[in-house]
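The values are calculated or read from the model by the stated rules, or taken from the named source; none is laboratory data. Since this is a predicted model, take the numbers as computed values, not measurements. Please note: Cβ atoms are built from the backbone with ideal geometry, for glycine as well, and neighbour counts cover all protein chains shown.
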Amino acid sequence: MQKLWNWFFIFAVIGLVYLWQPDLFQYSYYLLQQGDILALADYLRSFGLWSLGITLLLFVVMTFTIVFPFMILSGAAGLMYGLFWGTVISWTGEVIGAVVMFVVVRYFFRHTVDGWITKSRYLVQLDEYSATNGFKALLLARLLPLAPSGIITAIAAVSRMSFRDFFWASFLGKLPPVIIKVLLGHDLALANDNMVRLLVITGLVIGIYTAIWYRNRKGRKAENGREEE
């Protein structure tokens, strides 16, 4: 019964926000779908004093949608508030979104997956690993610039990872990729003025993922070599 009331509360809040600004989510969705960072920044500016709160709200909503890259909204924040404060706001928004999603998924869905986990020895081991090594694993996952934040959060929430480990791994791990996303989004929108920095950051992201791919490839080769011996 308590969970039913909690669901009712969540939908009531969503409904009130929709009634307050019925076009907010529809038009934001359209701009995010188009990848129009400049137009999104202009639209959010139009809310005046409410723009900060709405920007943070969109970060929370985007965490649950797992569809659009945060780079678009982060870039808009960088255009509206400058690179420093845009980074702070994007970082805050992503952390708040991750915490909200973690709490919702753990409260409503952890009990659902318990039955699946107990039926698999592998999942039991993975669940136990998350309880003791969750901070390190999540921190490494958060450091990837283009990692699917919502999916990572959902996996952490249904595991046995403690909320403390989740919070600090997300709080610390999200900052470096947020900086990259704000810079990328900002410079993509103003490419003519920031082409050199845009190319440097793009090269950095490509380099990170190339290094990860090479390391995984090398690890698989070493593992296959051990199996053949």
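Things worth noting here:
- Selection within the range 141-184 - under 13 Å from residue 88 (Cα atoms) and among the β-branched types (Val, Ile, Thr): 178, 179, 180, 182
- Which listed residue, of 205, 200, 124, 196, is under 19 Å from the mean Cα position of the chain (by Cα), assigned to a helix (DSSP H, G or I) and either modelled with pLDDT under 85 or of a type in the set (Val, Ile, Thr) (or both): 205
- Flag for residue 224 being surrounded by fewer than 16 Cβ atoms within 10 Å (Cβ to Cβ), modelled with pLDDT under 85 and part of a helix (DSSP H, G or I): yes
- Only one of 51, 46, 74, 28 that is crowded, with 16+ Cβ neighbours inside 10 Å, of a type in the set (Ser, Thr, Tyr) and more than 20 Å from residue 184 (Cβ to Cβ): 51
- Note on the range 143-154: residues that are closer than 30 Å to residue 111 by Cβ and either aromatic (Phe, Trp, Tyr) or buried (at least 17 other Cβ atoms within 10 Å of the Cβ) (or both) total 6.
- Residue, surrounded by the most Cβ atoms within 10 Å (Cβ to Cβ), within the range 162-216, restricted to residues that are farther than 25 Å from residue 97 by Cα and charged (D, E, K, R): 197
- Counting only helices (runs of 4 or more DSSP H) that sit wholly inside the range 1-116, those with at least 2 residues that are modelled with pLDDT of 90 or more and among the charged types (D, E, K, R) are 37-45.
- Residue in the range 151-172 that is at pLDDT below 85, among the polar types (S, T, N, Q), touching a Phe, Trp or Tyr at 6+ places or on another chain (Cβ under 7 Å) and in a helix (DSSP H, G or I) present: no
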